[in-house]
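The values are calculated or read from the model by the stated rules, or taken from the named source; none is laboratory data. As the structure is a prediction and not an experimental result, all values here were calculated from the model. Here the Cβ is made from the backbone with ideal geometry for all residues, glycine too, and neighbour counts use every protein chain on show.
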Amino acid sequence: MKSAPEKIAIAIVTFNRSTYLKELLASAAAMDTPPFAIVIVDNASTDDTQSVIAAATGDFPDGMVINHRLETNTGGSGGFSEGTKVALELGADWVWLMDDDVEILPDALEQFAPWMERFRVIHGRRYDFDGTPFYWQAKFNQFLGVPLPYSGKQFGREGFAVTNSGTFEGMLIHADIVREIGLPDPRFFISWDDATYAWIAAQHTKVVYVDAYVLKRKREQVQVNLGIRHLNDGSPLFRFHVIRNRAYVGKYFREYGELNRLGFGLGTALTLAKEVFRLVVVQHTLKGFGDLVRGFRANRALWRDKTWRPMDPADVPAALPRTTDLPHGG
């Protein structure tokens with residue numbers, strides 16, 4: 001196996017999905033080019049996740065796998081914030097963020113390599129669980145403050161599309177950008193965290209979606225194909241946070257002078273309508289509407305919070321000397 005030209009750390013967040021995690025780690029062990037480190041953030045799982053990590057560690061060089069277990073479940077947002085921090089503490093130049101329910105394609109880092117010479121925030125393409133291309137393509141509409149899908153045809157002849165949204169199911173971000181904008185905001189818990197983080201990054205650098213497949217989703221979800229995108233089912237936690245966290249999105253927009261209160265309010269109304277549509281069309285129920293109502297009440301409370309501040313770049317670990325080796329342990 002050859003080494004990557006820069007130190008790429010994979011940050012995986014997992015919670016009670018040991019079967020998926022085992023498959024993901026097996027795919028990581030089969031990569032043509034190995035990463036610098038694999039940081040596994042265990043969000044206080046209560047299943048056999050720790051045993052799976054221990055068993056998989058032997059498939060990697062000593063010290064490559066960092067088993068970082070949290071005492072409480074901090075959600076995907078908290079997990080990716082912590083995973084990014086640990087990766088940078090280890091000396092990573094890049095952090096590749098991913099959920100536990102994906103599989104890494106063997107030549108993923110080779111696919112990323114040419115793009116890493118040009119850009120600092122990159123998303124590769126993914127296959128869905130059935131092998132078809134997964135629909136993620138999204139770009140924030142500045143007026144509405146919501147990411148809207150766009151066609152894969154927009155890759156153009158050069159094979160990439162500039163976006164201002166993102167996903168933690170595959171975002172590759174350079175350490176210098178993290179140090180410029182701060183760590184992912186753990187206060188989101190779930191929903192809007194990745195899209196907002198990429199939007200913040202886009203205020204400082206180009207964020208791109210490249211026509212190169214690097215991951216495959218493993219978890220089958222109930223979904224409806226709307227042509228330009230797939231709409232999956234949602235959990236009660238998701239329904240609550242997708243409405244509550246609109247306030248966090250708006251506060252970051254305001255921080256960068258990009259908030260249009262009228263348009264953003266309309267975007268929130270459209271988000272609420274989409275979630276009702278999801279309940280009716282995908283899940284065939286209106287049970288769960290109360291989650292949206294509770295989320296809206298929490299949303300209003302967050303807007304009134306005068307103590308809120310954005311994430312502080314000063315909290316990001318500084319770059320290590322280039323001669324620093326990866327610590328052993330985990």
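Structure summary
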| item | result |
| --- | --- |
| Residue in segment 148-157 that is of a type in the set (A, V, I, L, M, F, W, C), part of a loop (DSSP other than H, G, I, E, B) and either free of Cβ contacts under 8 Å to residues at least 60 places away in the same chain or outside the structural domain of ARG261 (by TED's automatic domain parsing) (or both) present | no |
| Residue in segment 130-139 that is over 18 Å from the mean Cα position of the chain (by Cα) and part of a helix (DSSP H, G or I) present | no |
| Yes/no for MET64 being in contact with an Asp or Glu (Cβ under 8 Å, 6 or more places away or on another chain), of a type in the set (A, V, I, L, M, F, W, C) and modelled with pLDDT of 95 or more | no |
| Residue within segment 151-173 that is of a type in the set (Ser, Thr, Tyr), surrounded by fewer than 18 Cβ atoms within 10 Å (Cβ to Cβ), under 23 Å from LEU259 (Cα atoms) and at pLDDT below 90 present | no |
| Helices (runs of 4 or more DSSP H) lying entirely in segment 8-108 (those with 1 or more residues that are within 21 Å of HIS123 (Cα to Cα), out of contact with any Pro (no Cβ under 6 Å at 6 or more places or on another chain) and in contact (Cβ under 8 Å) with a residue 60 or more places away in the chain) | 18-29, 75-90 |
| Among (1) over 24 Å from ILE177 (Cα atoms); (2) touching a Gly at 6+ places or on another chain (Cβ under 8 Å); (3) among the aromatic types (Phe, Trp, Tyr) - the single one TRP96 does not satisfy | (1) |
| Single unsatisfied condition, PRO147 versus (1) surrounded by fewer than 20 Cβ atoms within 10 Å (Cβ to Cβ); (2) closer than 16 Å to ALA201 by Cβ | (1) |
| Odd one out for LYS139 among (1) touching a Gly at 6+ places or on another chain (Cβ under 6 Å); (2) more than 28 Å from PRO34 (Cα to Cα); (3) surrounded by 18 or more Cβ atoms within 10 Å (Cβ to Cβ) | (1) |
